[in-house]
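Notes follow once the structure below has been shown.
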Amino acid sequence: MNVLATELVHLRRGGTSVVVDLRGGRLPRILHWGPDLGEATTADLVSLASSVQPTVGDSAITYPQPIPVVPQLAEGWLGRPGIAGSRRGRDFAPLFRDARSELSETEGRARLRTEAVDEVGLLRMVVDLELTDQGLLCLGVELVNEGQDAFRLDVLEPAVPIPDEAAEILDWTGRWARERVPQRHPLPAGVWLRESRGGKPGLDGSSLMCVGAPGFGFRAGRVWAVHLAWSGNQALAAELTPAGSRLLRAGELMLPDEVVLAAGERYRGPRLLASWGEGLDALSARFHRYLRARPGHPASPRPVLVNTWESVYFQQSLEPLLRMAERSAELGAERFVLDDGWFLGRRDDHTSLGDWLVDPEVWPRGLAPLSSRVHDLGMQFGLWFEPEMISLDSELARAHPDWVFDAGHGPGLPSRHQHVLDLAHAEAFRLVHDRVTLLVDELGIDFIKWDHNRSLTDAGHSFDGRAGVREQTLRAYRMMDELRSRFPRLEIESCASGGGRADLGVLDRTDRVWPSDCNDPHDRLDIQRWTGLLLPPELMGTHIGSGEAHTTHRHAGLDFRAAVAFWGNLGVELDLTAVDDDTFERTAAWVAAHKDWRALLHAGTVVHADTTPEVRLEGVVAPDQDRALYHFAVLDRPAGWPPARLRLPGLAPDRRYEVAELAVGDPVPEGQRPPWMTAALVQTGRVLETVGVEAPSLDVDHSVLLQVAATS
């Protein structure tokens, strides 16, 4: 690592340039983040720095640009503070100076590390600014208390600048079984703030805060976004000041006194991850490539699984589940997951959370006969847990009522008839940890579905009444980390009433997320589409549900249900002991086809066409652009037909490709097929993306897969 002599730094990786101003001993100020600027000399950088300085006039407060990565009140910043805190009311406006920076280059990233001090406030700040090989910008900030008196930290939110063309916001809202509902609007003057206060990002949370050129889409329009790799309370914001400064920012949302630094203590904030692109597909691809490059990214083919939840709910018994396991193996499944209902007294969702002992009434011989049979059939065995939760009607709550979160008014309102187990109690943490560990060890559990079905509202430690959301998040991380350390081959799925905890903090220690409890393909298509902006397909659980969706009661044919589930880590939630032979064989055909295509689906570049609202067209293109698979779906009846042609994005412009239907199930009926589908079509990638092909005349909630292979 080299101490920098230069005060203007140009980082270039993955098609991204970041120009950082370190002059004046101040915290880093990003002058440019976005498209690669090419080679730049020192003189070029000096010229660039001069060109982006505004007219200050007689007030440095009114025009304090460029903004440091942690905006400070003492530097004239009047917007949302980057840092806030005090020592009992003193040292409330930190000012960091005397910065020293070091630059290191490794195979995977360039890292600029800056240390600065507030000599009056006796604080030290360390800023790690990294640019990965994928062109993803990562910001981490650490604060150290170098004084003798405690420093209460209330806010630490790093920020990245965006240019003036970024004028339209895209973020998301939602609810149970309807996650990731997009909303778009102009960037207003002031702060557009999205907070998550339930101890997790939440079903209504926005996993990304995007701002781009008005009208940006998947394939065009420059756009920037930030994500916070954190599974607890958080804040994401887009800000436009009267001076024209535009920022994206993100940080942990801290409750009172959650972070009080004693002498010598430090706080390390969660990572802010920032991406940009010419269209959402390019922005998303940086996240996907970054995740796939992690040392801990799942390396083996993602197992097709069968989950018992929608088949049996709480009605568990050995013999029917043995038959289901056998049918799962016949189907081609590679993992069998027993969901909620196996533990002591659990007959419905009113009781028993925390009692992680196999119920002897339901399972008189324990779970070993089932897990052993699953393993004998060549499948992995998975089990559902909710380690962070407790039912008041449980042996654990009766024995340890003080282990329930309580901010002073009792355990709070129930949600799904449950409450939160305070893992800050060392005994509570160890009891749950040890019981989960024992079962993983005894049963050879390969996979845990880790659920989280209640928000942490008034989450106070019963022993002192102080807020405990941050500590709870860290303890959940610790438990996952310890289990993974003890059982290196164990995989974990993050579920939180569906997609309530689908962030890159939890994915540092899990292997996939459950995007939604909704298996209705009509809604799931868009839930997966928007979850997939951050996560590649192999990290999303996508299941074939019943013909009548349990969450919406909408009916859909098997081929549409399977075609939507095809695009992630495939699973099945059908009662395989009850379906007829035709349904079983057709489902098995989809499982086999998924296995044939998953190497492409789980390694290729995800693309989307910008279509009319009634239809969707998405695909995955091989890294070498030799082949691709596309999915065209109709979700509503357009006013006119046909819709816009199907323009297939992502292919090599000058190569020729053969396009044909991939008919895993029923082919498109003859009367709905355009002429080109009667024989294989060969055309260049440029023509396929620019001119496209006519869409088949599909009914609502029907779809078709198109396979594309290079011929030259």
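Values in this text are rule-based calculations from the coordinates and carry no lab data. Keep in mind the model is a prediction, meaning the values are calculated, not measured. Cβ atoms come from the backbone with ideal geometry, glycine included; neighbour counts cover every protein chain shown.
Test of understanding: ordering V56, V420 by Cβ neighbours within 10 Å, fewest first, what list do you get?
Placing the least packed residue first, the sequence is V56, V420.
Take every Cα pair under 8 Å in region 240-345 that's 6+ residues apart, average their separations, divide by the length, and report that relative contact order as a whole percent.
Once divided by the residue count of region 240-345, the mean separation gives 21 percent.
Sort 122-134, 96-108 for me by packing, meaning the mean count of neighbouring Cβ atoms within 10 Å per residue, highest on top.
122-134, 96-108
Quick one: check the C-alpha center-to-center distance for region 673-689 versus region 341-360, whole angstrom.
56 Å
Roughly how many whole Å is it from the C-alpha centroid of region 243-274 to that of region 502-536?
Their Cα centres are 26 Å away from one another.
How large is the translational diffusion coefficient of region 606-710 in µm² per second when you combine the Kirkwood radius over alpha carbon pairs with Stokes-Einstein at 37 °C and 0.692 mPa s?
238 µm²/s
Taking amide H positions as placed in the peptide plane 1.01 Å from N, state which residues far from I30 in sequence (5 or more) or on other chains have amide H under 5 Å from it.
Correct list: D21, V69.
As a check on your grasp of the helix formula, calculate [θ] at 222 nm for the chain: sum -39500 (n - 2.57) over DSSP H runs of n ≥ 4, divide by the residue count, round to the nearest 500.
Working: 12 runs with 137 residues, N = 712.
Rounded to the nearest 500, the figure is -6000 deg cm²/dmol.
Putting +1 on Lys and Arg Cβ atoms and -1 on Asp and Glu Cβ atoms, find which of L272, A40, H400 reaches farthest to the positive end of the dipole of the chain.
My answer, from the dipole projection, is A40.
Whole angstrom only: what separates the Cα centroid of region 547-562 from the Cα centroid of region 465-494?
The distance from the Cα centre of region 547-562 to that of region 465-494 comes to 35 Å.
Charges only on Cβ, +1 for Lys and Arg, -1 for Asp and Glu: so what's the dipole of region 223-269 about the Cα centre, in debye to the nearest 20?
240 debye
Work out the charge dipole of the chain with +1 on the Cβ of Lys and Arg and -1 on the Cβ of Asp and Glu about the Cα centre, then indicate which of T16, G108, Q134 is farthest towards its positive end.
T16
How much of the DSSP beta bridge set in the chain is antiparallel, as a percent to the nearest 5?
Rounded to the nearest five, the antiparallel share is 85 percent.
So how compact is the chain: Cα radius of gyration and Dmax in angstrom?
Final numbers for Rg and Dmax: 26.6, 82 Å.
In debye to the nearest 20, how big a dipole does region 489-615 give about its Cα centre with +1 on each Lys and Arg Cβ and -1 on each Asp and Glu Cβ?
400 debye
Could you please rank S415, S317, S231, placing first whichever residue has the fewest other Cβ atoms within 10 Å of its Cβ?
In increasing order of surrounding Cβ atoms, one gets S317, S415, S231.
Give me D58, D149 sorted ascending by neighbouring Cβ count inside 10 Å, so fewest comes first.
Sorted ascending by nearby Cβ count, the order is D58, D149.
For a protection proxy built on the mean count of beta-carbon atoms within 10 angstrom, sort 477-483, 403-409 highest first, please.
Packing proxy ranking, top to bottom: 403-409, 477-483.
Please list 371-377, 207-213, 637-643 highest first by mean number of surrounding beta-carbon atoms within 10 Å per residue. Write down the numbers at each step before the final one.
Details: 371-377: 18.1, 207-213: 24.3, 637-643: 11.4.
Highest to lowest by the protection proxy: 207-213, 371-377, 637-643.
How big, on average over all directions, is the shadow cast by the Cα convex hull of region 372-419, in nm²?
Directional mean of the projected Cα hull area for region 372-419 stands at 4.9 nm².
Among Y630, V260, V469, whose Cα projects farthest towards the positive end of the dipole of the chain, with charges put on the beta-carbon of Lys, Arg (+1) and Asp, Glu (-1)?
Checking the options against the dipole of the chain, the answer is V260.
Please give the charge dipole size of the chain, origin at the Cα centre, charges +1 on K and R Cβ atoms and -1 on D and E Cβ atoms. Round to the nearest 20 debye.
The calculation lands at about 1380 debye.
Rounded, prolate or oblate: which one fits region 2-292, using the alpha carbon gyration tensor with axes a ≥ b ≥ c (rounded when a/c is under 1.5, else prolate when a/b beats b/c, else oblate)?
Taking the square roots of the gyration eigenvalues as a ≥ b ≥ c, region 2-292 is rounded.
May I ask you to derive the relative contact order of region 606-710, considering only C-alpha pairs under 8 Å and at least 6 residues apart, and to give it as an integer percent?
Dividing the mean separation by the residue count of region 606-710 yields 36 percent.
Below 8 Å between Cα atoms, with a sequence gap of 6+, how large is the relative contact order for the chain in percent?
Here the relative contact order equals 9 percent.
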